């Protein structure tokens, strides 16, 4: 991102993602998590975690496109909870 969006914009995107599930808002939050702005990373991460499973799906899709920030791994763990990766045989 060339310049950081305002924290209000990040919050608005978080509400839109959680309440409406708009793909554009979700993608915006993913970009904010990858940004250098610590406040925006925190706000975006909290919004993604609060949105639950739909965020997990969005993050996994970003991983499949090889377009996921390493920070998203931690958020995915927070969304899915402990032990989800080891649920296999």
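Points worth noting:
- For the chain, the convex hull spanned by the alpha carbon atoms encloses 91 Å³ per residue.
- Virtual spin-label span in nm between residue 3 and residue 36, 7 Å along Cα→Cβ: 1.5 nm
- With each label modelled as a point 7 angstrom along the Cα→C-beta vector, the residue 11-residue 46 pair spans 0.9 nm.
- Helix 38-51 vs. the chain, principal-axis angle (Cα, 0 to 90°, nearest 10): 50 degrees
- Quarter the surface of the alpha carbon convex hull of region 1-44 and you get the mean projected area, 2.6 square nanometres.
All of the numbers you see were taken from the coordinates with simple rules; none came from a lab. None of the values given here were measured: they were computed from a predicted structure. Cβ: placed from backbone, ideal geometry, glycine included. Neighbour counts: every protein chain shown.
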